[in-house]
Amino acid sequence: MKIVRRIGWLFLIVITAGAVAVWLYVRSTGPDYTGKLEIEGLDSTVTVYFDDYGIPHVYASRERDACFALGFLHAQERLFQMEMMRRVGAGRLAEVFGPELTGTDVFFRSLGLGAYAREAADEFRNAREEPWWDLASSYVHGINAFIARGKKPVEFTLAGIPLEPFGTEDIFLVAGYMAFTFQESFKTDPVLTAILDRHGSEYLEPFLDSGADIPSPDSVHEIAGGELAVAVSQALEPLPTGPLLGSNAWVVAPERSATGAVLFCNDTHIGYAQPSPWFEAHLETPRHVIYGNFLAGFPFPLVGHTRAYTWGLTILENDDLDFYREKFKPGDSSKYKSGDQWLSFDVRNETIKVKGGRDTVITIRETRRGPLVNDALSTFLSGISDPVSLSWSFISRPATALEATYGLSHARDMEHFRQACAKIEAPGLNVLYGDTAGHIGWWAGGRLLRRPPHVNPKLILDGAGGNDEPSGYFPFDENPSAVNPADGILFSANHLPPPYNTTDFPGYYAPPERAARLQALLRGKRLLTVEDMRRIQADVVNEGYRELARLFAHVIRAGVPDADATILQMLENWDGTHGTGHTGPVIFNKILAVTLGMAMTDELDSAAFAVFRTSHTMKGGMDALVRDETSPWWDRLDTDTVESRADIIRLAYERSVTELRKQLGPEPANWTWGRVHTVEYVHPVGKRKPMDRLFNVGPYAAPGGNETINKSGFALDDQGRYEATLGPAMRILVDMSDPDRAWSVLPTGQSGHFFSRHYDDQASMYLQCQQREMLMERERIMAEGRKLQLVPRQLRDDNR
């Protein structure tokens with residue numbers, strides 16, 4: 001018996017010792033918030049204070065040292081995120097995650113982001129006289145100084161990822177991947193072309209801009225457009241980082257502000273992931289002070305404020321990527337037709353290293369416009385008879401991201417800020433600005449394509465004829481903009497405001513509900529307070545959905561004599577609010593999803609419909625489709641009868657109620673939004689069990705919905721669960737009467753280390769639309785913060 005007891009104690013001691021060893025190891029990989037670190041590469045000592053939420057406040061005598069420290073701090077908190085971003089852009093995921101990522105690597109290799117980044121890095125090396133060169137180089141040196149310490153994050157150990165130095169090429173890979181995530185073309189153009197091919201132009205009417213030119217179906221060859229969109233979706237499914245899909249920003253002039261100074265708000269809508277894409281940092285030197293939001297692996301903030309001005313951005317949603325149907329030369333597939341010529345494809349071979357498998361050699365063919373999609377999606381797609389190429393402004397224009405973002409964060413006044421906006425090439429951005437002088441402005445940054453009048457860029461174009469290509473770009477001075485408007489308010493919700501039109505500036509602009517609600521709230525009061533700004537940021541009302549809900553109730557009352565009176569009353573009385581305790585959004589979104597699925601999945605297969613329903617084009621066309629009783633979409637092609645809108649809505653109602661009762665119980669009063677609309681912030685490692693319990697944050701009941709100001713976007717499927725996939729990646733509020741005390745919140749936390757208390761210490765605050773201060777008051781920061789010193793190693797040697 002004693003032996004058994006001793007064995008039991010020994011077993012317990014071994015288990016405990018193992019647990020302690022693991023705990024000590026994980027702790028050792030975490031960030032340093034206090035102490036003194038001797039660092040190779042610094043010119044002088046940098047002092048960092050971390051506030052209560054882990055935000056670093058960096059004090060340096062020179063800006064290059066501040067940027068070096070930023071790179072070091074960014075790496076110690078987010079190195080795995082930075083590693084994933086550069087590997088995605090370079091097409092190097094399979095070498096650490098195995099064969100299942102090979103198709104994704106093929107796709108990104110074919111896009112040409114790697115070649116773009118290498119060329120941009122070569123140009124960077126020739127720009128040594130530019131002020132941003134020194135700062136960006138110092139940032140990279142700071143990242144590598146952290147890597148040189150050999151402190152490997154847990155994720156690297158779990159996945160067997162080697163520590164590799166960063167280079168300036170990686171900065172451009174990060175920029176390239178983020179630019180790619182803005183693209184709506186991949187899930188829109190192929191599907192709309194398939195609809196046109198198979199069913200005719202009348203089916204496109206809800207989804208194309210009024211007055212848009214639509215070619216006749218027989219002038220467009222069959223190219224399996226729906227399958228192409230599905231293949232892109234499959235290629236992107238395993239990505240470890242979320243896309244940037246929208247945003248809100250608004251700025252209020254002093255004459256409309258209760259504080260007498262500019263008020264500014266910004267929340268960028270990015271696919272939810274863990275950690276959040278934004279990394280906050282406050283950098284201060286004798287000559288420059290900035291509080292900014294930085295992307296992983298990028299040295300300058302895309303959003304931020306100084307003590308003189310503030311700025312932010314939303315996605316412009318302009319269309320800068322076109323697909324072209326190409327034509328092989330008969331008997332010679334090495335050539336393609338361009339006007340009256342037969343041109344040879346540019347061909348390159350690339351080798352993809354695959355963990356646990358053989359290296360994969362791929363052949364990429366490019367036209368003078370860009371790569372063949374057939375090659376890019378060869379893992380997921382076969383059987384396209386016609387080759388399809390893509391032309392993307394981002395990879396064909398100069399790499400100006402560093403120059404532009406340096407200018408935005410170092411402007412002397414509004415005119416210099418405008419000049420920095422003019423340096424933005426692609427992707428297109430709405431940039432909003434306000435300063436202590438009382439000026440406010442909005443500029444559409446980016447090179448906007450001039451296309452022939454007959455071209456509809458939401459369809460796959462004719463590459464062989466040579467008549468569908470753009471003639472160039474609008475000059476920046478002709479881009480949409482506004483400065484110091486008479487009503488004192490500027491805002492962007494990814495819409496194209498009047499007087500600008502989609503004929504001149506075609507794009508994938510967001511549905512109108514968010515912009516309309518934002519405009520009503522901002523212009524509904526003469527003097528706006530800071531608290532008004534917070535209420536607007538937290539708003540979860542979609543007034544367009546309210547009207548559609550009443551339409552549904554009207555149609556159901558007329559066509560379903562025994563319809564549940566309680567449910568109809570809930571639909572009729574719902575004001576469009578998507579609060580977690582509301583029942584209206586549960587009933588409405590279920591009926592809407594089932595209605596659209598019944599109407600469209602006979603013309604589109606379910607996979608193509610699943611891709612298309614997440615697009616701005618589909619969301620923007622839903623209202624027009626549901627309101628049009630005569631739309632051909634209502635008649636199902638798989639039945640012998642001719643269905644009407646009333647028939648489809650009646651069937652959708654009956655199915656929805658049956659399924660909701662089965663899912664949520666018999667009482668509609670219990671069908672609350674928080675039960676079906678949840679958010680979980682998924683870490684790449686947490687995509688597999690049991691790692692989700694360690695690395696993921698959530699799930700939580702989430703307020704908001706599609707196209708509410710406080711957006712909490714989800715795929716509108718008919719299963720009755722609406723997991724939030726995107727929303728504000730931060731909520732910023734700046735009152736320029738006191739820029740040292742602005743406000744912000746991140747979805748989870750600042751740190752990328754799951755053992756850090758800053759991994760998820762903002763999650764509850766975020767869901768409740770609360771904010772913390774963005775501090776710039778030095779005395780308070782020093783008094784309350786944890787102090788870390790980064791000391792040049794040569795100073796230690798000199799003092800001996």
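The values are calculated or read from the model by the stated rules, or taken from the named source; none is laboratory data. Because the structure is predicted, anything quoted here is derived from the model rather than measured. Ideal geometry is used to build each Cβ from the backbone, glycine not excepted, and the neighbour counts take in all protein chains shown. The protein model used for the area step is the full one, side chains on, heavy atoms only, and it has no ligands, DNA or RNA in it. Shrake-Rupley method; radii C 1.70, N 1.55, O 1.52, S 1.80 Å.
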Checklist outcome for this item: Quick P(r) readout (the stretch 644-787; Cα-Cα; 5 Å bins; whole %) gives 2, 8, 13, 15, 16, 13, 10, 8, 6, 4, 3, 1, 1, 0
Checklist entry - Where both residues lie in the chain, what percent of DSSP beta bridges are antiparallel, nearest 5? => result 90 percent
Item to check | Rel. contact order, % - alpha carbon contacts under 8 angstrom, at least six apart, the stretch 410-458 | outcome: 33 percent
Checklist entry - Can you give the three extents of the C-alpha atoms in the chain along their principal axes, from longest to shortest, in whole Å? => result 91, 80, 68
Item to check | the stretch 735-763 and the stretch 531-584: distance between their alpha carbon centers, rounded to Å | outcome: 34 Å
Next on the checklist: Given Cβ point charges of +1 (Lys, Arg) and -1 (Asp, Glu) and nothing else, what value in debye, to the nearest 20, does the dipole of the stretch 315-423 about its Cα centre take?
Outcome noted: 340 debye
Checklist entry - Which of rounded, prolate, oblate describes the stretch 420-573, given a ≥ b ≥ c as roots of the alpha-carbon gyration tensor eigenvalues and a/c under 1.5 marking rounded, otherwise prolate only if a/b is larger than b/c? => result oblate
Item to check | Gyration tensor (alpha-carbon) shape descriptor, the stretch 711-756, a/c threshold 1.5 | outcome: oblate
Next on the checklist: For the stretch 77-168, which trypsin sites (Lys or Arg not before Pro) pass both filters: DSSP loop (anything but H, G, I, E, B) and at most 13 other C-beta atoms within 10 Å?
Outcome noted: Arg128
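In Å², and per residue, what accessible area does the chain have when probed at 1.4 Å with the other protein chains present?
38 Å²
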Checklist entry - Where the centre of each part is set by its Cα atoms, how far does the stretch 317-364 sit from the stretch 49-103, in angstrom? => result 33 Å
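Sequence gap at least 6, Cα distance under 8 Å: using those rules, report the relative contact order of the chain to the nearest whole percent. All intermediate terms of the calculation are to be shown ahead of the outcome.
Working: 1666 pairs, mean separation 149.5, N = 800.
The normalised contact order for the chain reaches 19 percent.
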Next on the checklist: If you fit an axis through the alpha-carbon atoms of helix 645-664 and take the longest principal axis of the Cα set of the chain, what angle between them do you get, 0 to 90°, nearest 10?
Outcome noted: 40 degrees
Checklist outcome for this item: The answer for GluC sites (Glu not before Pro) in the stretch 82-157 that fall in a DSSP coil and have at most 15 neighbouring Cβ atoms within 10 Å is Glu129
Checklist entry - Hey, any idea what % of the chain's accessible area is carbon plus sulfur with a 1.4 Å probe? => result 51 percent
Checklist outcome for this item: Answer check: the stretch 308-398, Cα atoms, Kirkwood Rh, Rg/Rh ratio of 1.12
Item to check | Calculated Rg and Dmax of the stretch 237-291 using C-alpha coordinates, Å | outcome: 16.5, 49
Next on the checklist: Give me the one-decimal Kirkwood hydrodynamic radius in Å for the stretch 90-148, with the sum taken over alpha-carbon pairs.
Outcome noted: 13.6 Å
Checklist entry - With the Cα gyration tensor of the stretch 543-697 giving a ≥ b ≥ c as the square roots of its eigenvalues, does the rule (a/c under 1.5 for rounded; else a/b larger than b/c for prolate; else oblate) give rounded, prolate or oblate? => result oblate
Checklist entry - Going down the table (Lys525/Lys590; Lys329/Lys353; Lys525/Lys711), which pairs top 26 Å between alpha carbons? => result Lys525/Lys590; Lys329/Lys353
Checklist entry - Cα to Cα, under 18 Å, and not fewer than 8 places away if on the same chain: which aspartates and glutamates meet these conditions relative to Lys687? => result Glu83, Glu100, Glu155, Glu237, Glu723, Asp760
Next on the checklist: Can you bin every Cα-Cα distance in the stretch 277-360 into 10 Å intervals starting at zero and give me the percent of pairs per bin, rounded to whole numbers?
Outcome noted: 12, 20, 16, 20, 20, 11, 1
Checklist outcome for this item: With all protein chains present and a 1.4 Å probe, the order of Cys769, Cys265 from largest accessible area down is Cys769, Cys265
Item to check | Largest-first ordering by accessible area, 1.4 Å probe, given options Lys329, Lys36, Lys458 | outcome: Lys36, Lys329, Lys458
